[in-house]
1. Tally time: how many residues in region B:408-453 are away from chain A (no Cβ under 14 Å) and more than 13 Å from the chain's Cα centre (by Cα)?
2. Residue check: is B:T608 in a loop (DSSP other than H, G, I, E, B) and within 18 Å of B:D577 (Cβ to Cβ)?
3. Quick check: anything in region A:15-28 under 13 Å from B:T320 (Cα atoms), surrounded by 22 or more Cβ atoms within 10 Å (Cβ to Cβ) and among the hydroxyl-bearing types (S, T, Y)?
4. Listed residues B:N613, B:N583; which is surrounded by 15 or more Cβ atoms within 10 Å (Cβ to Cβ), touching a Gly at 6+ places or on another chain (Cβ under 6 Å) and under 27 Å from B:D527 (Cβ atoms)?
5. Consider B:D478 carefully, then state whether it is in a helix (DSSP H, G or I) and within 14 Å of chain A (Cβ to nearest Cβ).
6. Just to be sure I understand the filter: pairs with C-beta atoms under 9 Å, separated by 6 or more residues or on different chains, first member in region B:341-364 and more than 30 Å from B:S276 (Cβ to Cβ), second member part of a helix (DSSP H, G or I). Which pairs pass?
7. Can you confirm whether A:E89 is within 19 Å of B:D257 (Cβ to Cβ), within 13 Å of chain B (Cβ to nearest Cβ) and acidic (D, E)?
Amino acid sequence: MIEISVNGKGRKFEGDGDVPLLWYLRDELELTGTKFGCGMGLCGACTVHLNGEAVRSCVTTLSSAAGKKITTIEGLSPTGTHPCQVAWEKLNVAQCGYCQCGQIMQAAALLAKTPRPTAAQIDEAMDGNLCRCGTYTRIHAAILEASKAAGGVK
Amino acid sequence: MKCTFGTSFPAPENLPAGAAGGIQQSSTGGSFAGLAAAVYAKRDDLKVSIENVSVDRRGFLGTAFAAGAWVLGANILSGNADAAASWQPSVYLGFEPNGTVVITAHRSEMGTGSRTSLPLVVAEELDVDWTKVRVEQAIGDKRYGSQNTDGSCSVRDFVDAMHQAGATARFMLERAAAQKWNVPAGEVTLTNGVVLHAASKRRATLGELVSVAATLPVPKREELRFKPPSEYRYIGKQVAIVDQHKIVTGAAIFGQDMRRPGMLYASIERPPVYDSRLRSSDDSETLKVKGVRQTVQIPGFKQPHMFQQTGGVAVLADSTWAAMQGRKKLKLDWELNPEHVSYSSPAYKQEIFGSVHKPGKVVRNRGNFDGAFAGVSRKLEADYYAPMLAHAPMEPPAAVAEYKDGKVEVWAPVQDPQSVQQTVGAALGVKPEDVTCNVTLLGGGFGRKSKPDFVAEAALLSKATGKPVKVVFSREDDIRNDFYHAVAAMHMKGGIDAAGKLDSLLFRSAFPPIASTFQAGAEYGLDLETGMGLNEVLFDVPHMRSENGPAKNHVRIGWLRAVCHNFHAFALHSFMDELAQLNGTNYVDFFLKSLGPDRHVDLTKDGTKAWNNDKSVDEFPLDTGRLRHVLEECAARSGYAKYTNGKGRGIGIAAHRSFLSYIATAVEVHVDAKGGVTIPNVWTVADIGKVVMPDRVRAQFEGAAVFGTSLAMMGEITAEAGRIVQSNFHNYPVARMKESPRKIDVKIVDSKERHAGAGEPGVPVMAPAIAAAIFAATGKRVRELPIKRTKLV
């Protein structure tokens, strides 16, 4: 049995430890804000926080998540008031919106560690998150906006 | 007419008898002529008419409105008298008894913003508080008119109907208040959701008036008063898309997120080669995988394949992961199609260049190209190539279906729910009306989700298992089972006269056509394909010929954002840049000189006509003045003429008319010592006529710059032994943040012209502008896409 915490709630998983966290979140817990995009850790749509680190849940097995704290987009802020979410709305970042939860989770993890990122740090941190609609310039701007709004709060 | 791309491709019901769903063998060339006639049939000018519609609680509209709602249907009536009997409503506006305004979004939302922009127009004209309006997504129903979200046409084709729907409701609510208060109708006004009689200071909410308004006669269009644009509160202003908060909180539901109680998850192994059949299968190991319930064999398509399922073996399980694991254990023996198993991209490239090096089917002819070209002293010949592409929307296709008692309900991210009704209906042998198609949000579409093969699969599996079934495409399934953007070869010849102007032009292209999706074995492009950039060349060139060479399809061919404009614009504008160099000028000067005086180009003089997205040239002329203007303005904004090219830095530019819009884009590139390319700046000037939501239009052009960067720099699908080589983002990369333009400056031209199109026209200019910038930076001409295949230093 594998015990994990998802958005602050203790969960017990009895199945195969090789199952990727992504499918547990989506199919079992119905937390569908974590998206399926590639299954190989290439697109970032499935990004969640594992003990505060941004990881790709499609290539994170449940056994490797055992005993750890997982935060999904649904747990980032219950009311959507995380500085990234606010900035994303302010700058109208989303087009289709499918990749944006993963983008926001990646950006939130960056800002938690680096409250005042440089443009190069943003590029580096966001390199694993694809957006086929092409919202990158706004994502970039929204991260700077969130950084400003958060006022360097760690 | 019905369409599956803008107003262009035939919907199944317009096909020759028996072709729908591929149930019978495809018909002969004779009926293809009939099909083509349907495709090309000129649409009469649309007129809008509105009438009261009843809400059937159990069917049409019943899911969107509460009981007792008053619903107005805005109907699109064809000018054709025969069609008058079958008016097709295109949008619905309703008021619930409590006064809640409900606007139905009948087009699919895949990121362009049409789910917001069209309802917004209704709210504007009705004059209610937009934040209190509820937007409901329509199910598929032909009474809405075309729901086919494709061809950059949502606003273009429906904005008038939305204005009229709003204005009609406002008129009737004002009349209802006047009647109730016994005052002259002209003294009552509806403003910001409240009806007022100023003289007596009486006021009423919409909820108080709905029951009376619903009994009034529907006014004629001539009686309506439309808001002057100076009074707009929403149109032309900054408005967020309706789903924005749900998107950033993870609450937005896409097709991949749908579920039904008791649902099974399906992962499907499909034929590795086009049009192949399963010989035998062994699922014994699959059934041992924990969570796997059963397997189901899905029959393949019959030609023409249209949007039918490809066939294969589905593994059904309690979870997506279990279904995927079980699928890996299948042992399948395929009878591979002998005609397609030899398909290999390098050989095919030679084949289509062979095609364009011979005379092709003439699609436009003016003057005497051969004579003129022989006579000029300054001339150039060049070949261009653009590879096959996959759409790769971030959300791989997915669909949920629930079959019960001869009817089926589906939930899917689809661009055209009516096409789902047709396709699923044919697959199951039920009437289209017995297919209820709920449209989820689309995690990108780009044309892929116009083709509902994946919904047919889910429906077939639900029928076979008696349970709700969700079909999940993996990324590999998506890349290898696409309706591909065609590979294309272009052969160009051009001559320059003594005055430094384009004198003669031969433009020949060959590509496996979209036509082959509707007519097995078709080798020439439909008019809409050659109409996208091949015959519609706007230069004032005295001698020109456009030709289309034959090319066979070995995969399913579809349409991808901007379609044939992508490769045609790449060749034409790259060639213009090369000719400008030969002429000793730059692209802008040579282009403007060759464009000639401002005028409306008439292609009928050259033995052809403008496809023009099925719109008449009276409504949407081929206006060289607008093209000139965007190029001049883009050159000025980008500093094109003064830019210091060379030493790894360069600027390129291209101007192109597509989807009735006029776009110019300049691109600045930096090429480092290792040949790595970055794009610090893109400048786009877009004349797309009038605009409803400027921020969404800007977003479309920002996105197009990135999409165009992927297409130009890195996108390439190839085949080997009939199989698609690429499978996921490691070998089919799309642009990441670092590889994308750093800054994208979008200027929307302030225009009073008709709304044209925003979703696609930003893409075709990107590849030629990038290629020209790379030449300016390095001196290397890139005539083949993707650019990454050319060593730049």
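The values are calculated or read from the model by the stated rules, or taken from the named source; none is laboratory data. Fair warning: this is a prediction, and the values are worked out from it, not measured in the lab. Ideal geometry is used to build each Cβ from the backbone, glycine not excepted, and the neighbour counts take in all protein chains shown.
1. Residues flagged as away from chain A (no Cβ under 14 Å) and more than 13 Å from the chain's Cα centre (by Cα) within region B:408-453 amount to 28.
2. Details: in a loop (DSSP other than H, G, I, E, B): yes; within 18 Å of B:D577 (Cβ to Cβ): no.
When the stated conditions are applied, B:T608 does not pass them.
3. Scanning region A:15-28, I find at least one residue that is under 13 Å from B:T320 (Cα atoms), surrounded by 22 or more Cβ atoms within 10 Å (Cβ to Cβ) and among the hydroxyl-bearing types (S, T, Y), so the answer is yes.
4. B:N613
5. Working: in a helix (DSSP H, G or I): yes; within 14 Å of chain A (Cβ to nearest Cβ): yes.
In short, yes.
6. B:K361/B:T530; B:V363/B:D527; B:V363/B:T530; B:R364/B:T530; B:R364/B:L603; B:R364/B:D606
7. Details: within 19 Å of B:D257 (Cβ to Cβ): no; within 13 Å of chain B (Cβ to nearest Cβ): yes; acidic (D, E): yes.
Against the criterion (within 19 Å of B:D257 (Cβ to Cβ), within 13 Å of chain B (Cβ to nearest Cβ) and acidic (D, E)), A:E89 does not qualify.
Results for (1) facing another protein chain (nearest Cβ under 9 Å); (2) free of Cβ contacts under 8 Å to residues at least 24 places away in the same chain; (3) of a type outside the set (F, W, Y), shown as yes or no for each residue.
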position	(1), (2), (3)
A:Q85	yes, yes, yes
A:A94	yes, no, yes
A:R116	no, no, yes
A:D123	yes, yes, yes
A:H140	yes, yes, yes
A:I143	no, no, yes
